[in-house]
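Encoded as structure tokens, the structure appears first; notes follow it.
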Amino acid sequence: MKILVTGGRGQLAKAIEKVASALGIDCVALSKNTLDVCEPKEVIEALTHHSPDLVIQSAAYTQVDQSETEAGLAYQVNALGARHVAEACQLVGAKLLHISTDYVFGASEWPRAWREDDPPAPLNTYGWSKRLGEIYVQESSASSCVVRVAGLFSHRQESFVGKILSRIAAQAPLIVVKDQITTPTNCEQLALSLLQIGEYWCQGNSIPVLLHIAGGPPVSWFEFARHIVTNHPEPALRTWPIRPVSSSEMALVASRPSYSVLDDTLARSVCRVTLPDWRVGLSETVAAAWRTVYFDSPRQ
């Protein structure tokens with residue numbers, strides 16, 4: 001199985017590349033400099049050159065607040081970019097796993113985790129741009145599966161873990177929302193699941209056209225931040241104060257869903273993939289992130 005991953009500089013693409021290498025899987029992750037999903041000719045040329053069996057489309061514009069003022073860019077990358085990749089996959093005969101988001105949900109109260117057959121209703125421009133990307137992929141003739149994920153984290157600085165630790169390194173206060181519930185998902189654990197699904201699919205088995213994959217158990221961003229801090233490699237910093245606030249107090253530009261927990265029953269039952277508890281291995285992730293934030297970053 002040969003895999004091509006778009007969005008090669010992102011935390012998920014980096015995790016896929018790392019896990020694939022460890023498993024001996026032929027995988028290339030291409031960044032925007034090599035494959036800009038907004039340029040259909042570039043996409044076709046890249047897929048024609050590499051001739052992958054499977055494409056994992058992880059390229060995305062993920063700046064939720066900035067999407068409100070840069071809606072055109074969000075649409076271009078998340079919607080049209082998805083369409084370009086799907087069309088290129090159809091042209092070269094590659095299968096496509098398109099990565100989407102829990103933020104396609106959230107416009108109404110919901111008593112349980114969101115399932116694949118629940119109606120999407122995004123609250124913000126980012127969510128709508130990702131939803132349009134889903135539609136374009138599903139309307140294409142490509143052999144595709146849309147995979148919705150939530151709360152991705154890793155040791156990288158752009159991750160939620162990295163941002164929390166960067167605040168601590170700067171001796172800055174931590175203020176985190178307490179009324180947004182999600183399912184934190186370890187990027188490397190997700191990467192392994194995506195590779196397992198891809199291998200199963202490329203072996204001739206059928207998979208659903210839409211899947212939810214997420215970690216568990218559900219937790220607020222404040223509670224997640226508290227777990228990050230208490231797993232800090234330096235004992236003296238494990239009591240760093242965190243102030244929980246409501247979404248209204250944060251005064252964010254874009255609205256967020258208060259409950260965007262994904263139900264992964266279908267992925268577990270059909271594709272036999274189950275992500276472990278996100279707390280498993282968290283201390284190692286935090287330690288790696290702290291090395292990146294504190295030791296590897298340029299100091300002022």
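Since every read-out is calculated from the coordinates, none of them should be taken as a lab result. In this text the structure is predicted, and so the values were computed from the model without any measurement. Cβ placement follows ideal geometry from the backbone for every residue including glycine, while neighbour counts extend to all protein chains displayed.
Points worth noting:
- Estimated vicinal HN-Hα couplings, Hz - the range 174-182 in sequence order (Karplus 6.51, -1.76, 1.60; Gly, Pro = x): 9, 10, 9, 5, 10, 10, 10, 9, 9
- Going by neighbour counts of Cβ atoms within 10 Å, the residues Ile135, Ile197 line up, fewest first, as Ile135, Ile197.
- Neighbour-count order for Glu158, Glu116, fewest beta carbons within 10 angstrom listed first: Glu158, Glu116
- Farthest toward the positive end of the dipole of the range 1-131, out of Gln90, Trp110, Gln76, is the Cα of Gln90, where the dipole comes from beta carbon charges about the Cα centre.
- Residue list for the range 204-231, given a label point 7 angstrom along the Cα-to-Cβ vector of Leu252 and an amide N cut-off under 12 Å: 221-222
- Charges were assigned to the Cβ only: +1 to each Lys and Arg, -1 to each Asp and Glu. The resulting dipole of the range 48-193 about its Cα centre is roughly 300 debye.
- Potential lengthening between Asn33 and Leu237 on full extension [0.36 nm per residue; Cα-Cα distance subtracted]: 69.6 nm
- Structure-derived Cα extents along the principal axes in Å - corresponding label in (i) 67, 39, 39; (ii) 55, 41, 38; (iii) 68, 45, 29: (ii)
- Pair-distance distribution P(r) for the range 90-227, from all Cα-Cα distances in 10 Å bins starting at 0: 10, 35, 34, 16, 4, 0 percent.
- Residues Arg112, Arg268 arranged by fewest to most Cβ contacts within 10 Å: Arg112, Arg268
- Long-range amide H partners of Val146 with built H, under 5 Å: His98, Leu210, Leu211
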